[in-house]
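Notes to accompany the following structure.
The values are calculated or read from the model by the stated rules, or taken from the named source; none is laboratory data. What you are looking at is a predicted structure, and each value in this text was computed from that prediction instead of being measured. In this analysis, Cβ positions are derived from the backbone assuming ideal geometry, glycine residues included, and neighbour counts consider all displayed protein chains.
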Amino acid sequence: MREMRVVMLAEVLRRLRSRAFIIATLGGVLMMALIVEMPAFFERVYTNQTSTIVLAGTPEIRTKASALLARDFSIVAQVDRLPPHVTAAYLRTRGDASAAVALSFHGGRLHADVFARDSAGWNDVRLGQLAPLALELGAGVPLAKSRP
């Protein structure tokens with residue numbers, strides 16, 4: 001019985017010291033690290049794709065909207081009016097923005113038109129932060145009363 005234990009221990013140690021076992025073990029650890037880090041990597045990529053904007057509209061609307069959007073977006077430029085065709089080149093010259101957001105108020109409603117460089121990245125982006133501004137402009141409710 002003792003001889004069998006010695007033979008089994010020798011076989012296990014020989015396998016543990018083999019080059020293939022060491023490479024496979026290190027490869028497995030590396031793959032596990034990649035699997036753990038991939039969601040964080042994609043979150044950073046996604047956030048960068050939708051976090052920088054050019055804000056367009058009247059100065060009054062832009063000032064109030066920029067305060068409301070500052071928590072979730074980096075406003076790299078503010079303009080009174082966007083060109084007729086917002087292109088990737090235009091966004092690059094304006095701080096390499098991911099989108100231009102044109103705000104206007106007419107017909108008693110706040111309108112937000114988004115001109116994104118990559119529209120797929122903006123599918124899940126909501127501009128709900130502008131609800132207090134819509135209330136102020138449409139119903140006259142001051143921002144201080146409608147902000148959470």
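Is it the case that Phe21 is touching a helix residue (DSSP H, G or I) at 6+ places or on another chain (Cβ under 8 Å), surrounded by 10 or more Cβ atoms within 10 Å (Cβ to Cβ) and in a helix (DSSP H, G or I)? It is true that Phe21 is touching a helix residue (DSSP H, G or I) at 6+ places or on another chain (Cβ under 8 Å), surrounded by 10 or more Cβ atoms within 10 Å (Cβ to Cβ) and in a helix (DSSP H, G or I). Return a yes/no flag: does segment 127-137 have any residue that is exposed (fewer than 11 other Cβ atoms within 10 Å of the Cβ), assigned to a helix (DSSP H, G or I) and at pLDDT 85 or above. No: zero hits.
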